[in-house]
Amino acid sequence: MSEAQGTVLTVTRGGCDVVHGERVMRLTLVGKHAHRDTSLAVGDLVSFDPVRKIVIEVLPRRTVLARRRSFGKQREQVLAANADRLAIVTSVSSPPFRSGAVDRFLVAAHAGGLESILVVNKLDLLAEGVALPEEIRAYEAVVELYPVAAKSGAGIERLRAKLANSTTVLAGHSGVGKSSLINALEPELRLQTGEISKYDRGSHTTSASSWLRLAGGAVVIDTPGVREIGTGPVDRDLLGPVYPEIAQLSVDCRFRDCEHRTEPKCAVRAAVEAGSVPAARLASYHRLLDEVDTRAQD
């Protein structure tokens, strides 16, 4: 039996669409894979029979972007597989920047073995000469920043160079301009874009997972479920890489298990009071830490 390999573009009921070279094929899941459509993810590599058009094997994953749940039989939902990085797309405003969401995305990327970058869209909404808000600039010590304006094209060339010859998952809440960003990177795609409502909540313009091949060998995975990645429990061990400045300062705290709240001789709080660590970073750390503690008690 001849075999070929393909990458999953979309998951359908009882099957999947895969790309093999320049061809897209609809495959059926049979035998031991018959009920595996719920666990397949965009980006999965599969071997298949090109004549019978059936999946033979799902190959081991190199990386995963997953959402963890605290309920139901399926505690982990893999949203994308085998990507090189997670590009967390945010906006300067409209909708407002959400540090809590960014931190949860960073935790998920670290957990799944992905590199992270932070794409800050809608620079054109800033007044001329005005720098990025401190809350956003604070992430320069944590993750590589890519300020862009999809509308005008500012910063797009630098981002395009970063994405070349690799696979990137785009994550971001509705309205931050993911579709506009992809259009700016590859104008010929002409993806539908959504307008911002008066409540600053973007209309959803992506209703199905999409695997897009761009120029320069870049592949982008845009998965709607990524918006909800912050709903699951957080692993305390993953907070260190997301808050490296806090982890580094913690070694100078009086107590090894210091949570940097009211404990005496806390080096982290001292740094916040001195202005060397933004108070917003510590507040975000505490929000995730509280979520860890809450989940542990469930």
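The values are calculated or read from the model by the stated rules, or taken from the named source; none is laboratory data. What you see is a predicted model; the values in this text were computed from it and never measured. Cβ coordinates were reconstructed from backbone atoms using ideal geometry, including for glycine residues, and neighbour counts include every protein chain displayed. The protein model used for the area step is the full one, side chains on, heavy atoms only, and it has no ligands, DNA or RNA in it. Shrake-Rupley method; radii C 1.70, N 1.55, O 1.52, S 1.80 Å.
I need the GluC sites (Glu not before Pro) found in the range 82-159, filtered to DSSP loop residues with at most 16 other beta carbons within 10 Å of theirs.
Numbers: sites: Glu115, Glu128, Glu134, Glu135, Glu140, Glu144, Glu157; in loops: Glu128.
Loop-located and lightly packed - Glu128.
Need the full-extension length gain, Arg254 to Ala164, defined as separation in residues times 0.36 nm minus the C-alpha distance. One decimal, nm. Display every interim value, and only then the final one.
Numbers: separation 90, 0.36 × 90 = 32.40 nm, distance 4.62 nm.
Result for the pair: 27.8 nm of gain on full extension.
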Checklist outcome for this item: SASA check, Tyr285, accessible area w/ 1.4 Å probe, all protein chains in place, rounded to nearest 10 Å², comes out at 30
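Suppose the chain between Met25 and Ser93 were pulled fully straight at 0.36 nm per residue; how much longer would it get relative to their current alpha carbon spacing?
Here the segment from Met25 to Ser93 would lengthen by 20.4 nm.
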Item to check | Per residue value of the accessible surface for the range 81-153 (all protein chains in place, 1.4 Å probe), Å² | outcome: 37
Item to check | Residue-level accessible surface for Glu263, protein heavy atoms, 1.4 Å, Å² | outcome: 40
Item to check | Per-pair calculated FRET efficiency, R0 = 30 Å: Ala215 and Arg52 via Cβ, rounded to 0.05 | outcome: 0.30
Checklist entry - Normalised by the residues of the range 89-160, what does the relative contact order come to in percent, with Cα pairs under 8 Å and at least six apart? => result 33
Checklist outcome for this item: Using a 1.4 Å probe on heavy atoms of the protein chains only, the accessible area for Arg61 in Å², nearest 10, reads 80
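On full extension of the chain, what length is gained from Ala141 through Thr10, given 0.36 nm per residue of separation minus the C-alpha to C-alpha distance? Don't jump to the answer; show the numbers that get you there.
On the way: separation 131, 0.36 × 131 = 47.16 nm, distance 3.57 nm.
The Ala141-Thr10 span can extend by a further 43.6 nm.
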Checklist outcome for this item: Accessible-area order for Leu27, Leu125, largest to smallest, probe 1.4 angstrom, reads Leu125, Leu27
